[in-house]
Every structure is written in C-alpha cells, then in structure tokens.
1. Quick test for you: out of B:L152, B:L220, pick the one residue that is more than 14 Å from chain A (Cβ to nearest Cβ) and over 21 Å from B:G104 (Cα atoms).
2. Being farther than 18 Å from B:A265 by Cα and surrounded by 11 or more Cβ atoms within 10 Å (Cβ to Cβ) is the filter here; which residues of the stretch B:301-314 pass it?
3. Would you pick out the residues in the stretch A:220-238 that are in contact with an Asp or Glu (Cβ under 8 Å, 6 or more places away or on another chain) and surrounded by 22 or more Cβ atoms within 10 Å (Cβ to Cβ)?
4. Working only within the stretch A:62-85, note down all residues that are acidic (D, E) and open to solvent by 60 Å² or more (accessible area, probe 1.4 Å).
5. If you take the residues in the stretch A:86-133 that are away from chain B (no Cβ under 11 Å) and charged (D, E, K, R), which one is least open to solvent (accessible area, probe 1.4 Å)?
6. Give the stretch B:187-205 a look and list any residue that's within 29 Å of B:G70 (Cα to Cα) and surrounded by fewer than 21 Cβ atoms within 10 Å (Cβ to Cβ), or say none.
7. Collect the residues in the stretch A:62-78 that are within 14 Å of chain B (Cβ to nearest Cβ) and either in a helix (DSSP H, G or I) or in contact with a Ser or Thr (Cβ under 9 Å, 6 or more places away or on another chain) (or both), keeping them in residue-number order.
8. Tell me, which residue of the stretch B:185-199 that is touching a residue at least 60 places away in the same chain (Cβ under 8 Å) and within 21 Å of the chain's Cα centre (by Cα) is nearest to the other protein chains (Cβ to nearest Cβ)?
Amino acid sequence: MTALLVLEKVGKRFGGLQAVKDLSFEVREGEILGLIGPNGAGKSTLFNLINGVFAPDTGRITFVGTDITGEKPYRVARHGLARTHQIVQPLTNMTVLENCTVGACFGKDNLPLHRARAAARDAVAVTGLQDRAEARASQLTIAGKKRLELARALAAQPKLLMLDEVLAGLNPTEVEHMIGVIRRIRERGVTILMIEHLMQAIMSLSDRIVVLNFGQKLAEGVPAEVAQHPQVIEAYLGNPKLAAELQGSSA
Amino acid sequence: MLLMLRRPFFWIIALAVVAFALAPVVGNDVSMRESLLLDALYITLASNLNLMLGYAGYVNFGSIVFFGLGGYICVWLVNSYNWPLIPSLIVAGLGVSGLALIFGFGILRLRGAFFALATIGVIEAVQAFVENFTPWGGSAGVYLSGEIFKPLGGPAHALWIIYFMMVAVMGLSLYLSFAIKTSKFGLGLLAIGQNEDAAAILGVPTSRYKALVYSVSAFLPAIAGGLYFFKSAFIQPSDAFDLSLSTEALVVGMLGGEGTVTGVAIGAFLYEELRGYLLTSSTFANFQLVVSGALLLLIVLFFPGGLMGFIYSRFPRTQKVLE
C-alpha cells in the first residue's frame with residue numbers, strides 16, 4: 001500500500017508546552033488509521049497541524065507526494081483533505097444542504113455551483129440526513145450536527161477524511177448508526193484518519209492504531225497489538241482487564 | 001448569467017427600476033425626482049454595504065469613504081482636466097475599487113469590533129488627507145462652474161440625465177447583489193459570515209474573498225458619489241466623508257434585513273422617505289434623529305431579522321421569490 005499522508009519528525013510548541021514532539025507516522029491509502037491517547041496528548045493539535053490551522057515548528061508533512069507543511073487551511077482542502085471538528089462548527093443559518101454545498105464547492109474538485117449541489121445531496125444521503133436537508137443547521141440535534149460535520153467533509157470528495165471524535169456525545173443507537181456511516185464512506189475508497197475515545201468502536205473500525213502520549217508516539221500497530229502493549233495499558237487504558245476485553249473484541 | 005433571466009426576481013428588479021425612472025417623468029414632477037434621487041442613492045449605498053455586512057458579516061463603518069472619494073475623483077477630473085462626465089465616473093469607480101482592494105488585504109485581517117474600528121480609522125485618515133491635499137481644494141473643497149452642465153444640454157436637462165444615471169446605478173447595485181447572492185462567490189461569502197474559521201477549513205479562500213468583496217462593494221458607491229457631487233457642483237471633506245451617512249446605511253441594512261436584496265432596498269427607500277418627512281414636518285423637524293433612533297431600537301428588540309425576516313417568517317413562500 002502506498003502512503004497517502006506522511007509525517008516526518010513533526011513538532012509544535014505553545015509557549016512552555018511541547019504539544020507535539022518529533023512525531024512520525026504515515027497514513028496508507030484505503031485504510032482507517034485510529035489515533036488514540038489520553039486527553040492533552042496532542043491529537044487535536046496534530047489535526048490542526050496537518051490541515052494548516054497551525055504551522056508546525058519542525059518537521060515535514062507530505063500529502064500525496066506534495067509538501068503541505070504550513071500551507072493555509074483552504075489550500076490544504078483543495079488537495080483533497082477534509083476534516084470534522086470535535087466541537088461542531090456548523091454554518092448555523094444555512095440549511096444542511098447549503099452547508100454541504102459549501103464543502104463541495106470549495107473542496108478537492110472546486111466544483112461549480114450546480115454540480116456542487118448534486119455532490120452535496122449525495123453526501124447528505126450517505127450520512128442519512130435526507131429528511132433534514134432543508135432544515136437550518138442550528139435546528140439539528142447534537143447527533144445531527146455531528147453527522148452534518150461528516151456530510152460536509154464528505155461532500156468535498158476528499159482523498160483523506162480526518163474525523164475528530166465524531167462519536168463523542170452520541171447515545172448507543174446513534175453510535176451504531178455513525179459506525180455504519182463511517183464503514184460506508186470507507187467502502188467508497190476514502191482513507192480515514194480518526195481520533196476517538198470510544199475504545200470498542202475504534203478498535204473494531206481501525207486497521208491500524210497510533211497511540212500518542214505527551215505529544216509523542218507511544219505505540220503503533222494493529223489494534224490487538226496495541227491493546228496489549230504494556231505502556232499503552234499504563235498510560236491510557238488504565239486497567240489490564242479492559243485491555244484483555246479489547247483484545248478479545250478486535251481479534 | 002442567462003439563468004438569471006428565468007428567475008422572477010430578475011424581473012421584479014427590472015420593474016422597480018422602470019417605475020423609478022418613469023414616476024417623476026409622468027407628471028414632470030421635479031420635487032418627486034429630487035426625493036427619488038436620494039432614495040436611489042440610499043438604495044445604492046445600502047445594497048453595496050450589504051455585500052460586506054449581510055453576506056460576509058463584516059461591519060463596515062467606512063463605506064462612505066467610497067462615496068466621498070468617488071465624488072472627489074470625478075469632480076477633480078471634470079474641473080481640472082475638463083473630462084466629460086461618464087469617463088470621469090468610470091475612472092472614479094475603478095480607482096476607488098482598486099484602492100479598496102489594497103486597503104482590504106490590510107484591514108480585513110482584523111475581525112469583529114477591531115475591523116469596525118479600523119474602518120472608522122479609514123474615514124478619519126482619508127478625510128484628514130483630503131483636507132490637506134491642495135489639488136482637491138483642502139478643507140475649502142472644490143466648486144464647479146455652471147459651464148459643466150452645458151455638454152448635457154443645460155442645467156435643467158442635465159438634472160434629468162443625472163437622475164436617470166443614478167437610477168441606473170441603483171439598478172446595477174440590485175443586480176450585483178442578486179448575482180453575487182446566487183453565485184459560488186456569494187456562497188463562500190455567506191459561509192465566511194457564518195463561521196470564518198470553518199469556511200477556511202472547508203476550502204473557502206477567505207482573505208481573497210473578503211478583499212474582493214470589499215473592493216466590489218466600493219465600485220458603484222464611488223460612481224454614485226461622482227454623480228451626486230457633480231450634480232451639487234460642489235464638494236468639501238465634511239460632506240464627502242460624513243460618518244453619519246455611513247451609520248445610516250448600516251441602520252438601513254438592519255431595518256430591511258441583512259443579507260437580503262429586497263429588504264435592504266425597501267429599508268433604504270422607507271428610511272429615506274421617513275427622514276424626508278421628519279425633516280420637513282413642523283412637529284418632528286428638530287428631533288428627527290430621536291425618532292429614527294427609537295425606531296432602530298424597536299427593530300433590534302422585536303424584529304432582529306428586519307423587515308424581510310418578518311415577511312419570510314409570516315409568508316415562507318416569499319423566500320423562493322424574493323432574494
């Protein structure tokens with residue numbers, strides 16, 4: 001498999017805090033790569049470095065062979081890299097469909113308006129928001145807003161989709177639904193890099209997992225390997241029993 | 001652009017423009033013409049301001065700078081170089097647009113209240129510059145001789161021509177608002193207005209779009225300024241860069257409904273008619289601003305969406321026709 005996104009020794013410091021340090025890993029084409037780690041491990045900062053909200057202090061980020069280190073977010077989006085936000089950022093006074101049309105218009109293919117509308121409708125259908133297509137984003141429930149984040153990112157026809165805790169705050173039924181949506185997106189050939197705290201979900205969805213702690217890579221591997229890694233258990237999973245359970249569920 | 005012809009709203013604008021042009025002609029009513037000329041001017045200023053305020057969500061107190069500078073450039077070309085009116089107007093429009101583009105890249109790095117304050121700074125800076133700029137008459141301003149109306153067939157005839165031109169500028173402003181609103185550029189601007197950071201992450205080139213809309217919103221007000229001060233045959237800094245006219249354009253936007261084409265136009269029309277009435281009425285003449293202020297307060301409190309917000313919620317179907 002070829003590498004879609006490559007991070008080489010990426011680092012970022014905020015004042016006295018080294019948020020990300022010497023981090024290297026790659027996301028391969030077609031896979032779902034899970035990114036886990038305790039709160040404050042630097043996961044969301046890493047997303048912000050990749051899509052250009054912050055420029056890294058050190059290191060290099062390459063996407064499909066192009067160096068995108070420090071490029072502005074709107075330029076990164078044009079390369080075919082879309083993301084969702086942990087704290088939802090809907091365009092509140094616009095409808096669901098309009099939100100997705102913005103994603104499609106200014107995404108990878110830079111579509112004209114009428115073709116963007118078609119792409120937006122498609123993304124709305126994949127995420128199961130058809131019934132709410134004409135509703136204003138502000139009228140959606142939290143689960144609806146999470147789906148909208150996903151639909152809007154998907155409408156951009158990205159090569160790589162970065163999901164920042166799309167399952168957080170959802171009830172079990174909604175989680176199950178969302179997992180189905182993520183699987184469907186992957187089947188369309190979209191590579192996914194996702195941050196998630198919901199262990200069962202990420203262990204079963206991911207092909208590989210990268211564990212971060214204090215801005216550094218603690219472990220990397222298939223879910224079963226990572227779950228029995230002693231340092232991961234100590235730093236993040238906390239209790240060996242959960243680790244054993246996860247090994248069972250992902251095997 | 002051809003698609004616009006199929007939209008009913010295109011013809012509604014056309015109808016409004018024709019009505020404006022014909023109304024004073026029918027009875028050869030000069031006082032109605034003067035009142036409608038001011039309405040057309042307010043509609044032009046408010047519609048173009050709406051591109052910034054209603055679409056991109058940036059409060060621009062300095063929109064009057066475009067009007068004033070346009071006036072100065074036009075009057076200067078006519079007076080010092082004997083240029084005919086139309087080329088002077090076009091150069092005024094392009095010149096002010098170009099300046100706005102350069103300014104825009106600078107001050108549009110600021111957001112919210114900081115941007116609003118910076119735009120007041122732009123007014124003060126430009127006014128101070130013009131007051132000390134001798135070729136433009138400094139603080140005394142520039143008087144045009146009566147000769148300038150000759151090429152337009154004498155003063156009486158010229159005033160009619162200027163009126164029709166002002167109505168045309170108003171029509172262009174409305175079509176510009178409509179065309180931008182239904183375009184990809186407009187969608188990007190609306191996204192910026194809702195959540196600028198999210199828009200950037202979705203791929204909207206925010207800096208370029210903001211500077212571009214700032215520049216576009218300068219073009220027609222500059223031409224309107226040129227027409228207005230040509231008609232007055234006199235321009236001075238305190239008239240050209242009057243902060244209260246800027247503020248009124250903002251009020252008009254809120255009155256009619258930010259981000260709508262129809263609302264802002266009707267708001268401007270009603271506001272200017274009301275102002276005309278209050279100024280000439282014996283009861284209200286001395287405290288017309290008190291009435292306007294109270295009105296604004298009531299609107300902000302009870303109709304936050306302005307006139308169009310109210311109409312849209314009462315008659316949802318109008319949303320499909322009236323932009």
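1. Values: B:L220 fails: over 21 Å from B:G104 (Cα atoms).
After applying the criteria, what remains is B:L152.
2. Our first condition is that a residue be farther than 18 Å from B:A265 by Cα; within the stretch B:301-314, this holds for B:301-302, B:313-314.
Selection gives B:S313 alone.
3. Kept after step one, since they are in contact with an Asp or Glu (Cβ under 8 Å, 6 or more places away or on another chain), are these residues of the stretch A:220-238: A:222, A:226.
Hit for the stretch A:220-238 is A:V226, nothing else.
4. To start, the set of residues in the stretch A:62-85 that are acidic (D, E) comprises A:67, A:71.
Once the filter is applied, which keeps residues that are acidic (D, E) and open to solvent by 60 Å² or more (accessible area, probe 1.4 Å), the stretch A:62-85 yields only A:D67.
5. The residue in question is A:D122.
6. Selection gives B:P205 alone.
7. Correct list: A:I68, A:K72, A:P73, A:Y74, A:R75, A:V76, A:A77, A:R78.
8. B:L190
The values are calculated or read from the model by the stated rules, or taken from the named source; none is laboratory data. In this text, all values refer to a predicted model and were calculated from it rather than measured experimentally. As a convention, Cβ positions derive from the backbone with ideal geometry for all residues, glycine included, and neighbour counts pool all protein chains shown. All accessible areas refer to the heavy atoms of the entire protein, side chains included, with ligands and DNA or RNA removed. Shrake-Rupley method; radii C 1.70, N 1.55, O 1.52, S 1.80 Å.
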